[in-house]
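First the structure, in the form of structure tokens, and then the observations on it.
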Amino acid sequence: MLGSRWPQWFAWSWLSFAASCLLGIFLGQLGFTPTWSEVALLTMATMASVLAALYPSGFLVACVGFSCVCGFLVGVLSTPDPGPVNDTILTLTGSFVGANLALIYAAGGIGWLQERYTQQWVRIGLRVVAAWIAAISVLSALLALAPQQL
């Protein structure tokens with residue numbers, strides 16, 4: 001969804017993602033570790049993928065909202081276990097940079113594909129990929145909710 005509006009909406013979405021990711025990392029370091037954060041991130045991935053498959057041009061509010069919530073959840077989930085301060089800072093920096101680069105490369109790559117190849121089959125293919133991501137997210141969320149079997 002964000003890649004189909006590259007680069008018009010990317011700046012706002014990226015800024016909201018980066019700021020909320022920093023907030024999530026900060027709160028995670030203070031001990032905010034909800035048990036529902038993984039399922040919430042998978043649910044957001046499902047909703048964003050379904051919206052990208054059904055309405056790929058999306059809405060600015062949806063792009064910024066999904067970026068903000070997902071950035072926060074990625075930040076919270078990136079919090080490492082307690083350890084030496086230097087290792088924690090290095091891990092958090094790597095998580096923050098990696099998450100931001102993944103967002104930039106994914107959105108930019110999809111935007112480049114749509115600019116380079118203007119055929120309709122490219123857009124249909126990207127919608128199919130979004131639907132597959134939604135299906136995988138649903139299955140992963142259900143697996144995370146399933147009771148643990150030994």
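Numbers at a glance
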{"read-out": "Any hit, the stretch 49-64, residues being assigned to a helix (DSSP H, G or I) and under 16 Å from Ala18 (Cβ atoms)", "value": "yes"}
{"read-out": "Residue list for the stretch 22-55, filter: more than 18 Å from Ile136 (Cβ to Cβ) and in contact with a Ser or Thr (Cβ under 8 Å, 6 or more places away or on another chain)", "value": "Gly24, Ile25, Gly28, Gln29, Thr33"}
{"read-out": "Cβ-Cβ under 8 Å pairs, at least 6 apart or on other chains, the stretch 9-38 side closer than 9 Å to Thr79 by Cα and of a type in the set (A, V, I, L, M), far side part of a helix (DSSP H, G or I) and open to solvent by 20 Å² or more (accessible area, probe 1.4 Å)", "value": "Ile25/Leu92; Ile25/Ser95; Ile25/Phe96"}
{"read-out": "Qualifying residue in the stretch 18-30 (condition: within 21 Å of Thr91 (Cα to Cα) and in a loop (DSSP other than H, G, I, E, B))", "value": "yes"}
{"read-out": "Single residue of Thr88, Thr93, Thr35 found to be among the β-branched types (Val, Ile, Thr) and open to solvent by less than 30 Å² (accessible area, probe 1.4 Å)", "value": "Thr88"}
{"read-out": "Residue satisfying condition, being assigned to a helix (DSSP H, G or I), at pLDDT 85 or above, buried (at least 18 other Cβ atoms within 10 Å of the Cβ) and not β-branched (Val, Ile, Thr), within set Gly98, Gly71", "value": "Gly71"}
{"read-out": "Sole residue being surrounded by 12 or more Cβ atoms within 10 Å (Cβ to Cβ) and either touching a strand residue (DSSP E or B) at 6+ places or on another chain (Cβ under 7 Å) or over 23 Å from Val39 (Cβ atoms) (or both), chosen from Gly108, Gly83", "value": "Gly108"}
{"read-out": "Extreme residue, surrounded by the fewest Cβ atoms within 10 Å (Cβ to Cβ), among residues of the stretch 133-150 that are among the hydrophobic types (A, V, I, L, M, F, W, C) and without any contact (Cβ under 8 Å) to a residue 60 or more places away in the chain", "value": "Leu150"}
{"read-out": "Which listed residue is free of Cβ contacts under 8 Å to residues at least 60 places away in the same chain, farther than 17 Å from Leu22 by Cα, surrounded by 12 or more Cβ atoms within 10 Å (Cβ to Cβ) and over 11 Å from the mean Cα position of the chain (by Cα), from Val76, Val122", "value": "Val122"}
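Residues checked against (1) acidic (Asp, Glu); (2) more than 15 Å from the chain's Cα centre (by Cα):
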| position | (1), (2) |
| --- | --- |
| Met1 | no, no |
| Ala19 | no, no |
| Leu22 | no, no |
| Thr33 | no, yes |
| Glu38 | yes, no |
| Leu41 | no, no |
| Ala45 | no, no |
| Leu54 | no, yes |
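The rows are residues; the columns are (1) farther than 21 Å from Trp14 by Cβ; (2) out of contact with any helix residue (DSSP H, G or I) (no Cβ under 7 Å at 6 or more places or on another chain); (3) among the β-branched types (Val, Ile, Thr).
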{"residue": "Val64", "(1), (2), (3)": "no, no, yes"}
{"residue": "Cys70", "(1), (2), (3)": "no, no, no"}
{"residue": "Leu101", "(1), (2), (3)": "no, yes, no"}
{"residue": "Gln120", "(1), (2), (3)": "yes, yes, no"}
{"residue": "Ser140", "(1), (2), (3)": "yes, no, no"}
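The values are calculated or read from the model by the stated rules, or taken from the named source; none is laboratory data. Every value quoted in this text rests on a predicted model; they were computed, and no experiment measured them. Neighbour counts are summed over all protein chains in view; Cβ atoms, including those assigned to glycine, are modelled from backbone coordinates with ideal geometry. These accessible areas exclude ligands, DNA and RNA; they are computed on the full protein's heavy atoms, side chains included. Shrake-Rupley method; radii C 1.70, N 1.55, O 1.52, S 1.80 Å.
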